[in-house]
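**Student:** Quick one: structure below, then a few questions.
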Amino acid sequence: MQVLATAIGAAVALAAHGSKTALRAAVTPSPEPVSNIALSSTEDVAAVGLTWFATHHPMAAASIAVLLLVAALLAARALLRAIQRPLRRLLGTDLEEAQSPAKPLP
């Protein structure tokens, strides 16, 4: 059970840090400082708030964490789909066809 709990915790941490990094990479290039300041402040408030909430209401905090994890996964899926469309137009081919094994010549 301890190994399973560690694996689940590691998966959740990887998803959380990955989504945070992706969001940070999307916002950082913007020239105005307001979005970076707002994002950093929101991250800090969310981290402290969820930590406090977890110590006082662990089941509700776990539910919130699961919802945030699902939202991050859905956002990552949408981002991947958005990236694939321009690549298909640029390369002029379907990425799935390009990844499939080559058909033998007759």
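The values are calculated or read from the model by the stated rules, or taken from the named source; none is laboratory data. Nothing here was measured: the structure is a model prediction, and the numbers come from that model. We place every Cβ from the backbone using ideal geometry, glycine too, and count neighbours over all the protein chains shown. For accessibility, only protein heavy atoms count, side chains too; no ligands or nucleic acids. Shrake-Rupley method; radii C 1.70, N 1.55, O 1.52, S 1.80 Å.
**Student:** Can you tally the net charge around Lys20? Count Lys and Arg as +1, Asp and Glu as -1, for every other residue whose Cβ sits under 15 Å from the Cβ of Lys20.
**Tutor:** -1
**Student:** Something else now. In degrees, nearest 10, range 0 to 90: what is the angle between the Cα axis of helix 33-56 and the longest Cα principal axis of the chain?
**Tutor:** 60 degrees
**Student:** While we're here: If you fit an axis through the alpha-carbon atoms of helix 58-91 and take the longest principal axis of the Cα set of the chain, what angle between them do you get, 0 to 90°, nearest 10?
**Tutor:** 20 degrees
**Student:** In the chain, what percent of the accessible surface is made up of carbon and sulfur (1.4 Å probe, ligands and nucleic acids excluded)?
**Tutor:** 73 percent
**Student:** Using helices alone, I'd like the mean residue ellipticity at 222 nm for the chain: each DSSP H run of four-plus residues gives -39500 (n - 2.57), total over residue count, nearest 500.
**Tutor:** Counting only the DSSP helices, I get -29500 deg cm²/dmol.
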